[in-house]
Amino acid sequence: VVAFINEADLIYIPKQMAKECMEAIICANIFNIKEVLEEYIDNPQLLEKKAEAQFEYVNRWHNPERVAKITKKQYENR
């Protein structure tokens, strides 16, 4: 995943989630996208490391069972 992440917006999510997000996402913007893509194309090991981090991030933070438990807890606490 290559995306622009506005670091100022990371205050709206848990600190650990924000940390892992920045470790997982390949961050680029309109000014550096070419250089960022070239870096990962030229370094398959770096791309592999990011791919693993992305998989772990999604499984940890976007796991449907985990999200359902959080949502259920919020409804029960009302």
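Bear in mind that the values in this text are calculations on the coordinates, not laboratory data. Only a predicted model underlies this, so the values are computations on that prediction, with no experimental measurement involved. Reconstructed Cβ throughout: ideal geometry from the backbone, glycine too, with neighbour counts over all protein chains shown.
Please go through the range 54-65 and give me each residue that is over 17 Å from A18 (Cβ atoms) and among the charged types (D, E, K, R), ordered by number.
If the condition is that a residue be over 17 Å from A18 (Cβ atoms) and among the charged types (D, E, K, R), then E65 is the only one that fits.
Is there any pair linking a residue in the range 46-60 that is touching a residue at least 24 places away in the same chain (Cβ under 8 Å) to one that is in a helix (DSSP H, G or I) and surrounded by 13 or more Cβ atoms within 10 Å (Cβ to Cβ), with Cβ under 6 Å and at least six apart or on different chains, and which?
A53/E23; A53/A24; Q54/A24; Y57/E20; Y57/A24
So if I check each of N32, N77, which one is exposed (fewer than 10 other Cβ atoms within 10 Å of the Cβ), without any contact (Cβ under 8 Å) to a residue 12 or more places away in the chain and out of contact with any Lys or Arg (no Cβ under 7 Å at 6 or more places or on another chain)?
Answer to the check: N77.
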